[in-house]
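One structure below.
The values are calculated or read from the model by the stated rules, or taken from the named source; none is laboratory data. Computed from a predicted structure; not experimentally measured. Cβ sites come from the backbone with ideal geometry, for glycine too, and all protein chains shown count toward neighbours.
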Amino acid sequence: MNRREGEGCPRRNADAVQDRDASANPSSPVIAAFKVFQQELDTKHDKYERLVKISRDVTIESKRTIFLLHRVTSVPNAEDILNEADVKLDAVRQKIGQIAEELRGEDIFQFHRAFTAGIQEYVEAVSFLHYIRHRSLISLEEINARLVFMRTEKVEPEGSAEAVQPGGQVLTFQVTPSDYLLGVADLTGELMRMCISSVGNGDIDTPFQLSQFLRQIHDGFSYIGNTGPYEVSKKLHTLRQSLGKVEDACYALRVRGSEIPKHMLADVFSSRTTLLDPEEGVV
């Protein structure tokens, strides 16, 4: 039988493969090595899927915290909202502790894509809370300082059914600089929405503070340029849009704020921001 005839008989080829597998020596070192590889790959894929699920929970809870923080502009006592946000972020940090447990003894960059979205959303939420309280940008070191976890493990001594508690084990999770930058870039969109809410509630001072703060963030990202991660350059366009909308609101407040009633400022601001072409951004 020539090669052409063999290629035309897939059933015969499949039977040949089954016969070869059946005749393979299970004690062969090659077969044993590939079984080890199979177990390692299965373990890695299972861990990756668990990290994706935890990251999804982190993203959901962080978004809920951000939605909660947007209420500070419309309530008389903002401290209650901030305390509730602290509680929610503590729960998010416990989820990140589960990520740290999964990554114990592993190379973080092998699984980075599985949880980077959740970490970016957490950075956005915690930096938003920090800005509302302190009117400043939280640093990467401050974020990582709160991602230290204590884990205790039960060990059963030989000959005894009772478990004892040994010394706790410290686990740390380090947010990468790229995740920090991407989270801060997303923060600018939330600050722009906060500006809209402030104007709607008659607060004409917050938009000017936000405008100055966004300019500083924009200048910082401009220094990075093309040397940073690829995703930063993509989000820089959105950052410029947010800055342009806030500056446009400040312009309207400065020029026409004295002649427009406070309860109409939000409508004027909304109508002006729609005039900004989303494809052009800000030069």
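Tabulated results
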| quantity | calculated |
| --- | --- |
| Where a residue in the range 51-75 is farther than 12 Å from Lys88 by Cα and its partner, wherever it lies, is of a type in the set (Phe, Trp, Tyr), with Cβ under 7 Å and at least six apart | Leu51/Phe111; Leu51/Phe115; Ile54/Phe115; Ser55/Phe115 |
| Hits in the range 74-93 (condition: β-branched (Val, Ile, Thr) and out of contact with any helix residue (DSSP H, G or I) (no Cβ under 7 Å at 6 or more places or on another chain)) | Val87 |
| Any chance Arg11 is over 30 Å from Arg193 (Cβ atoms), touching a strand residue (DSSP E or B) at 6+ places or on another chain (Cβ under 9 Å) and modelled with pLDDT under 95 | no |
| Among the candidates Leu210, Leu187, residue that is at pLDDT 85 or above, under 18 Å from Ser136 (Cβ atoms) and in contact with a Ser or Thr (Cβ under 6 Å, 6 or more places away or on another chain) | Leu187 |
| From the options Leu243, Leu276, residue that is modelled with pLDDT of 80 or more, over 16 Å from Thr73 (Cβ atoms) and not basic (Lys, Arg) | Leu243 |
| Filtered residues of the range 181-209 (kept if of a type in the set (Val, Ile, Thr), more than 24 Å from the chain's Cα centre (by Cα) and buried (at least 22 other Cβ atoms within 10 Å of the Cβ)) | Val199 |
| Selection status of Ser23, at pLDDT 70 or above and among the polar types (S, T, N, Q) | no |
